[in-house]
1. Given H377, H332, which one is of a type outside the set (D, E), within 22 Å of D420 (Cα to Cα), assigned to a helix (DSSP H, G or I) and open to solvent by 30 Å² or more (accessible area, probe 1.4 Å)?
2. In this structure, does V318 turn out to be at pLDDT 90 or above, assigned to a helix (DSSP H, G or I), among the β-branched types (V, I, T) and closer than 18 Å to Q108 by Cα?
3. Looking at (1) more than 30 Å from D299 (Cβ to Cβ); (2) surrounded by fewer than 15 Cβ atoms within 10 Å (Cβ to Cβ), which one does L387 not meet, given that it meets all the others?
4. If you go through the stretch 359-374, how many residues are touching a residue at least 40 places away in the same chain (Cβ under 8 Å) and open to solvent by 80 Å² or more (accessible area, probe 1.4 Å)?
5. Could you count how many residues in the stretch 443-464 are within 21 Å of V270 (Cβ to Cβ) and either among the polar types (S, T, N, Q) or at pLDDT 90 or above (or both)?
6. Give me the residue from the stretch 516-528 that is in contact (Cβ under 8 Å) with a residue 40 or more places away in the chain and not in a loop (DSSP other than H, G, I, E, B) and, out of that set, nearest to the chain's Cα centre (by Cα).
7. Which condition breaks for V394 when tested against (1) outside any loop (DSSP other than H, G, I, E, B); (2) within 25 Å of F106 (Cα to Cα)?
Amino acid sequence: MCQDPEANGHCIEYENIAQAKDVAVEITRRGMSFADFERPSDLPPCANESGGFLSPTEWTSSHRHPYRTWLKETHGHLEETAWQVAPYTAQAVPFRWLDRTSLEEFTQPQILDPLPADSWPDVYTSKWVFQPHVQRAVLDGFFAPILPDESLAIFYTKSRQPMFEDVHRLVIGIGSVASVGREHSYRNTTKPDAPDHPIWERDVAHSLRPAGRGGLLVPYHEYLAPTGDPAEDRRRRELARELRIAPEDGHAIQFSYRSEHVADDAAVSVLTQAIRVVHLIREHGVAKGEWASCEHWLDDRLARAWTLRGEHPGIGPVLQAAGLPMASSLVHSLDSADSAFRQDPWRSVTQVLDGSAEPPHPRYRREIDAFAREWVHIANRPGKLKLAQALSRVALDNDQAARWWDEAKRAKTAGARISDEELVANPYLVSEYDAGTVTSAPVSFATIDRAVIGDTTGADADVSTADVRRLRAAVVAVLRGAETSGDTLLGIDQIRESAQGLPVSAPVVIGPDWMAAHADELAGLVTVHDVDGWAQLTHRSLIAEQLRRKLSARARKELPPVSEDWLPLLEESIRAKSDLDAMRAKHPERVERALAEQVEALNRIVSRKLTTLVGRAGTGKTTVLGALSRSSKIDGPVLFLAPTGKARVRMSRNVAPGSSVQTVAQYLLSQGAY
């Protein structure tokens, strides 16, 4: 149980916890071990969200079927069921796999045997698989590939955590799977002929322990524990913000839906970041632990992940983009059936497609036959085959592969024509130009870099780590990342520093003169202002120039004067939140000077199409807006926009009742421009 349940508002991001959390009760039980609760029903709601995954003692987990009171005819006989959870055990549930809308497109391609058909009564409106035997087939398919001592267990939290506002998935621990528990079914003592209903949660014991034992548990608690010295506490908190392991945007879906298989390429990314974090922990000297052995453990797992990733992790999505249905499932099956598959996957795939080898399962025969003529066409075009092999080196998903295989889609996402030959010669073009879609993340620089440079230092790669194509793509990646935080330009030194922090095995080192020396190669993507020492994406500089022209013209444009008596409106605006009479009595001259300045500001605001009002906190900017909102002489309503939700709430309290106050995002969304 939390040491301070009242202060912990981060867990309520999880809907089930938000609905069941009882702070008053939890305060009386703060710090209790899960093992000390007499009844499972007394456990906090986080217990059912794997909140006990680091419990050093055995505890009791209890489960009630959510349909028992809703679907009494089919589920009313299912009783609450409990079992003992071993120490250091998480409860995994693959929710995405059990979603009926995902069965055909997502779940089935990852399971060799055909799933049985699902059916459900008319009253059933939930999206989850209904029939227990179908649920069991899905669950077995999910847990079967998880191997003790071989598979990794990666633990993450969502965006509601106290460390990073801009991190939507934060990895807090990496260990090995120690064991996978057996399936549990709901107790049934009243309908013996009814089928067993599996409980979706399955116990997964892991090796993770504090202080660098059995893997990496990021020691945030040690960094955030009060020392009694406020300055030291602040220093440690800043150091803790360096301990960041975040899945790349394109991998976020693999760290969702409670439990999911993580692709080898995503594991490489996370492990690479984890090793950097251990280096920092050892350097900081804040948290005591076996960090040297932890680093060796991570190095070993990273080497395994690179081996499992292979050289062609994108072969399935590329073949699917080329027109072969179920290509990813075929590749998965070939990999499972042939231990040598990853040494030369194109050889194995080609033998199946040209008919010299049988597919791993008869269900693929129909799709292979339908694709046969397209495959012959591709195989007889060396340029297209080279593109397929080049793209297959990148860990693309199906949507990403489709965007870059199909020339029309490629031109649309890139905003320019990029030939097959150009892509083969420079795969980094994919990360530089890929815009992504609503449902598919852009291909990241790190994803391309793993395909081109490979593991460790890149010493064995065909491309130098200082190649201009690589460094240019890194600069673009840094500037695009800055855009998501609201920065449309960065200082050159900032770019260089951020590039070194990119989650790749071989660090990106950009010299102090590199950007100025390679301005020609950067042109078209990045505009370098060498004299002023900053750079920005070229499309941003074009937008800035357009805005500069338009806003300058608006600022010069005079408007007809507004004959408003602003002083009483300012006084009304102040009285809405402060005691103006008391202020006047205490500082009469100061108040009158401030009011006169605010009247002048209002007259200037209404005299131009564009005005900027600047002032320190407490100088009356919000008061001016409050008076503006109360004017009856302005032609038409006034719309107030704020950058954040909190700022919108504050502004709403200061403007006239009924005024339209929105965040910038809300306004853009209402205009279809977000």
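1. H377
2. No; evaluated as a whole, the condition is false for this residue.
3. Exception for L387: condition (2).
4. 1
5. Residues in the stretch 443-464 being within 21 Å of V270 (Cβ to Cβ) and either among the polar types (S, T, N, Q) or at pLDDT 90 or above (or both): 13 in total.
6. V526
7. (1)
Residue-wise test of (1) surrounded by fewer than 22 Cβ atoms within 10 Å (Cβ to Cβ); (2) within 26 Å of H168 (Cα to Cα).
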{"site": "H261", "(1), (2)": "yes, yes"}
{"site": "V268", "(1), (2)": "no, yes"}
{"site": "H284", "(1), (2)": "yes, yes"}
{"site": "A292", "(1), (2)": "yes, no"}
{"site": "G310", "(1), (2)": "yes, no"}
{"site": "P313", "(1), (2)": "no, yes"}
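The values are calculated or read from the model by the stated rules, or taken from the named source; none is laboratory data. Just so we're clear, the structure is a prediction, and the values are computed from it rather than from any experiment. So basically every Cβ, Gly included, is an ideal-geometry build from the backbone, and we count neighbours across all protein chains shown. We work out accessible area using only protein heavy atoms, side chains counted, and drop any ligands, DNA or RNA first. Shrake-Rupley method; radii C 1.70, N 1.55, O 1.52, S 1.80 Å.
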